[in-house]
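These notes concern the structure reproduced below.
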């Protein structure tokens, strides 16, 4: 049985979040969204470990991807979330993002909006399969770390656990290759429920069998890699167990934050990956037909005195 103190705490947090959704009813769309986001922030932010921070804003990745405005972005403390003032919306760099939180009043009624948000989010990649400088605790499944976990939170949704699971599976399948898909979750408060789909690291391949070929041992066959193991589950909780919804969100984000020790951005990819400042192109003048070079010369760090000395040597 769960600890009674935690049950009471998370039941109270669920009730507070329900109140935030109630207060937002009838408000203009922009105000409604702000009230919901503030409610989620109060319910989750202060319970997260110090290495995780909750912001609103957008995410960019090293490959030119951009998410657009998001309700909640959980960023590791060693990741980057750029702003010029404490209360500004942030530009979060994908390598340090632990999860995305999307807030809706009615998950079922706003399903098309969720799909549109996910279409932008699933295009983001933390890396191309080879993390640059990140450090994680335990054995990391690198392909599962390419995309960012996506958690949808809403006041109302569906009444059947199978529907919650199937809708989570629908979101999960939009990633295409299961080996690259991220964790997807639907969390609703009335009735309290959870739909969850995730992938587990495949079991290790069977050891290769060897045979003697002359004086050499050669494998009889190459062991096949097992396909990824995809798990999905849906729950509708009794009212007394409503605490399990936010408890799962808190536990998942906390575990994810503690697994990461270092999440530095791949600065060269952001600043140089899509064309250097010093890149030049040859153009032909439409009037004279002469070829000219356009573009700015990249700074090399060479001082004016050194350039003069180099030109003097070249002229001798």
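The values are calculated or read from the model by the stated rules, or taken from the named source; none is laboratory data. Since the model is a prediction, treat every value here as computed from it, not as a measurement. Heads up, the Cβs are rebuilt from the backbone with ideal geometry, glycines too, and the neighbour counts pull from every protein chain shown.
Condition check: assigned to a helix (DSSP H, G or I) and either touching a helix residue (DSSP H, G or I) at 6+ places or on another chain (Cβ under 6 Å) or in the same structural domain as residue 78 (by TED's automatic domain parsing) (or both). Does residue 42 satisfy that?
yes
Determine which member of the set 60, 40 is at pLDDT below 95 and under 20 Å from residue 83 (Cβ atoms). It would help to see each step written out before you state the result.
Numbers: 60 fails: at pLDDT below 95.
Matching residue, one of 60, 40: 40.
Within the set of pairs 6+ apart or on separate chains, which have a first residue in region 51-67 that is within 12 Å of residue 122 (Cα to Cα) and outside the structural domain of residue 39 (by TED's automatic domain parsing), a second that is surrounded by 19 or more Cβ atoms within 10 Å (Cβ to Cβ) and modelled with pLDDT of 95 or more, and C-beta atoms under 8 Å apart?
none
Look at residue 212 and say whether it is modelled with pLDDT under 85 and more than 27 Å from the chain's Cα centre (by Cα).
Values: modelled with pLDDT under 85: yes; more than 27 Å from the chain's Cα centre (by Cα): yes.
Yes, satisfied.
Working carefully through the options 185, 181, 192, find the one that is modelled with pLDDT under 70, crowded, with 21+ Cβ neighbours inside 10 Å and closer than 19 Å to residue 234 by Cβ. Walk me through it before giving the result.
On the way: 185 fails: modelled with pLDDT under 70; 192 fails: modelled with pLDDT under 70.
Going through 185, 181, 192 in turn, just one is modelled with pLDDT under 70, crowded, with 21+ Cβ neighbours inside 10 Å and closer than 19 Å to residue 234 by Cβ: 181.
Check off (1) at pLDDT 70 or above; (2) touching a strand residue (DSSP E or B) at 6+ places or on another chain (Cβ under 7 Å); (3) assigned to a helix (DSSP H, G or I) for residue 144 and give me the number that stays unchecked.
Residue 144 satisfies all of (1) at pLDDT 70 or above; (2) touching a strand residue (DSSP E or B) at 6+ places or on another chain (Cβ under 7 Å); (3) assigned to a helix (DSSP H, G or I) except (1).
Only one residue in 75, 14 is in a helix (DSSP H, G or I), in contact with a helix residue (DSSP H, G or I) (Cβ under 9 Å, 6 or more places away or on another chain) and crowded, with 17+ Cβ neighbours inside 10 Å, so which one is that?
From the options 75, 14, the qualifying one is 14.
Going through region 57-71 one residue at a time, which ones are touching a helix residue (DSSP H, G or I) at 6+ places or on another chain (Cβ under 6 Å) and either in a strand (DSSP E or B) or under 16 Å from residue 149 (Cα atoms) (or both)?
Within region 57-71, 59, 61, 67, 71 qualify.
Please determine whether any residue of region 92-114 is in contact with a helix residue (DSSP H, G or I) (Cβ under 9 Å, 6 or more places away or on another chain), assigned to a helix (DSSP H, G or I) and over 21 Å from residue 268 (Cα atoms).
So far as region 92-114 goes, yes, one or more of its residues are in contact with a helix residue (DSSP H, G or I) (Cβ under 9 Å, 6 or more places away or on another chain), assigned to a helix (DSSP H, G or I) and over 21 Å from residue 268 (Cα atoms).
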